[in-house]
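Let me begin by presenting the structure, written as structure tokens, before commenting on it.
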Amino acid sequence: MSPEILERQAAISGVGLALAGRSALRTPLNLTLDAIFEALEDAGLRDTDIDGLSSWPGMSVTPGMAPVSLREVKEALGLKLNWFAASPEAPGQLSAIMNAAMAVASGQARHVLCFRTLSQYSEQVKTRERGTRNEKPNRVEGLMSWIRPFNGLSAAHPLALVAKRHMHQYGTTREQLGAIAVNGRENARLNPRALYREPLTLESYLAARMITEPLCLFDCDAPIDGATVIIVSRWDAAQSLRKPPLRIEAMSGALHGRNSWDQFEDLTEMAANDAGRHLWERTDLTPADVDVANLYDGFSILTLIWLEALGFCAKGDSGPFVEGGLRIARNGDLPLNTGGGQLSAGRLHGFGLLWETCIQLWGEGGERQVPGRPRVGITAAGGPGGRPDPGPSTSTRTPSCDKGASARRGAGPGAASGGRGCGRRGRTLCGFRSRRREGRPASPDGRSGASRRSSGRRRGRASGAR
């Protein structure tokens, strides 16, 4: 007998986003509350309907990494909670959504508010203004104690080694890495909430300042201040809400290999492969069913690794797969990072990618809406399987707006998830599908209806992976 896929009892019912971008004038709690109110309105819920609260990582010593706690949100809204959780020991950023899905599936809660807030840009500004000449440096512990002595001072350094190895082993080129950045920027130009909206050419990418070879400035995501909220509801409780719920088809946070940033047996796979394999084992959907993919691009190399791990191309073929950008364009075979990704829209640690997947499945992408009616989406968040100084990194695949796009990271792995959408209340479709209800007005930020896709590509299910 096949095991019951419990996450299919959960759905995404509403989303919210509040950005200060690079204007460090708003407090993290203020941003979080604005995103919460937007998500509640999106779903047609009141704060009194929320009985669960979830976040990641909960607490962190890294400035700006976890500036808002569960306690602050609960007290600010006066929530009466039946369930709550936030922990860094999980498959990653989207573990907050995976935990929420299990909470509603097990009956612990009906509507769980999941939030991720960052204030890393404003904290960087404070550090520059304050200076560090008279400050005693912090002692390095844990995994980073093995990397820092070799000048591995940030996540960019070990991931540059991953990129270098991928190039050596499979012939991947900088031009192919650049296709990820250029495609993201093209989509960001049509996203009114993106940080960078000016054009980016491949020539400009190749001429950009090198950060750590072979990764240049445009290979690294952009720190911002912002908050993202995803509401995960029990499937039956979401039927009477404002929008068609996006059902979670499958999710995974598997980690079979080393819990490390640099000690994987195959450095070009990392934990993404474990999550990807496990994800597809939990659904009858296949990569060919996916209509839109928002895959982690904290660094461009991670997107290539996710493409391979999730089976969109063969191992080592992700470079040729994205080369030229036609296949991953909004009207291509696999619309990728349709809101600009973290490279252009700003670093929201995977939650922004899931937000965008939901927007696409609901047909609210405005000018950047994927043609046709996408019904299956996937989101991946995170990178390696180890835990650097800031906390674990995770990768997760999620069906557009189905919270299947959350990844778990068990002290360092990534996670994958997929989901299905519902066309109309009471009717579940294969994949994440969201058919807008008639007469619903477009929102002020341009989230309007979708145009029909001319492509004959097969669609109908959603799946996500780490």
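What to note about this one:
- Criterion (over 19 Å from the mean Cα position of the chain (by Cα) and of a type outside the set (Ser, Thr, Tyr)) met by exactly one of Ala208, Ala227, Ala188: Ala208
- For segment 298-308, the criterion of being under 25 Å from Ile211 (Cα atoms), of a type outside the set (A, V, I, L, M) and either modelled with pLDDT under 95 or part of a loop (DSSP other than H, G, I, E, B) (or both) is met by at least one residue.
- For Ser122, the test of being of a type in the set (Gly, Ala, Ser), surrounded by fewer than 24 Cβ atoms within 10 Å (Cβ to Cβ) and out of contact with any helix residue (DSSP H, G or I) (no Cβ under 9 Å at 6 or more places or on another chain) is failed.
- With respect to the conditions (1) buried (at least 23 other Cβ atoms within 10 Å of the Cβ); (2) modelled with pLDDT of 95 or more; (3) of a type in the set (A, V, I, L, M, F, W, C), Ile211 falls short on a single one, namely (1).
- Matching residues, segment 88-113, being surrounded by fewer than 17 Cβ atoms within 10 Å (Cβ to Cβ) and of a type outside the set (D, E, K, R): Ser106, Gly107
- The strands (runs of 3 or more DSSP E) found entirely in segment 197-286 that carry 3 or more residues being touching a residue at least 40 places away in the same chain (Cβ under 8 Å) and among the small types (Gly, Ala, Ser) are 225-234.
- Look at (1) more than 28 Å from Gly339 (Cβ to Cβ); (2) touching a Gly at 6+ places or on another chain (Cβ under 8 Å); (3) surrounded by 13 or more Cβ atoms within 10 Å (Cβ to Cβ) and you find that Lys164 fails only one, number (2).
- Looking across Ala271, Ala254, Ala237, one residue alone is more than 25 Å from Ala18 (Cα to Cα), in contact with a helix residue (DSSP H, G or I) (Cβ under 8 Å, 6 or more places away or on another chain) and at pLDDT below 95. It is Ala254.
- Matching residues, segment 144-196, being modelled with pLDDT of 95 or more, among the charged types (D, E, K, R) and part of a helix (DSSP H, G or I): Lys164, Arg165, Arg174, Glu175, Arg185, Glu186
- Matching residues, segment 13-65, being within 19 Å of the chain's Cα centre (by Cα), among the aliphatic types (A, V, I, L, M) and at pLDDT 95 or above: Val15, Leu17, Ala18, Leu31, Ala35, Ile36, Ala39, Leu53
Here is a yes/no grid of residues against (1) more than 18 Å from Gly298 (Cβ to Cβ); (2) out of contact with any Asp or Glu (no Cβ under 8 Å at 6 or more places or on another chain); (3) exposed (fewer than 11 other Cβ atoms within 10 Å of the Cβ):
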| residue | (1), (2), (3) |
| --- | --- |
| Pro149 | yes, yes, yes |
| Ala160 | no, no, no |
| Ser204 | yes, yes, no |
| Asp221 | no, no, no |
| Thr228 | no, yes, no |
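- Counted residues, segment 307-359 - those being on the phi > 0 side of the Ramachandran plot, out of contact with any strand residue (DSSP E or B) (no Cβ under 8 Å at 6 or more places or on another chain) and touching a residue at least 60 places away in the same chain (Cβ under 8 Å): 4
- Of the criteria (1) within 24 Å of Pro63 (Cβ to Cβ); (2) buried (at least 22 other Cβ atoms within 10 Å of the Cβ); (3) more than 20 Å from the chain's Cα centre (by Cα), which one Thr117 fails: (3)
The values are calculated or read from the model by the stated rules, or taken from the named source; none is laboratory data. Just so we're clear, the structure is a prediction, and the values are computed from it rather than from any experiment. Every residue, glycine as well, gets a Cβ built from its backbone with ideal geometry; the counts of neighbours run over all protein chains shown.
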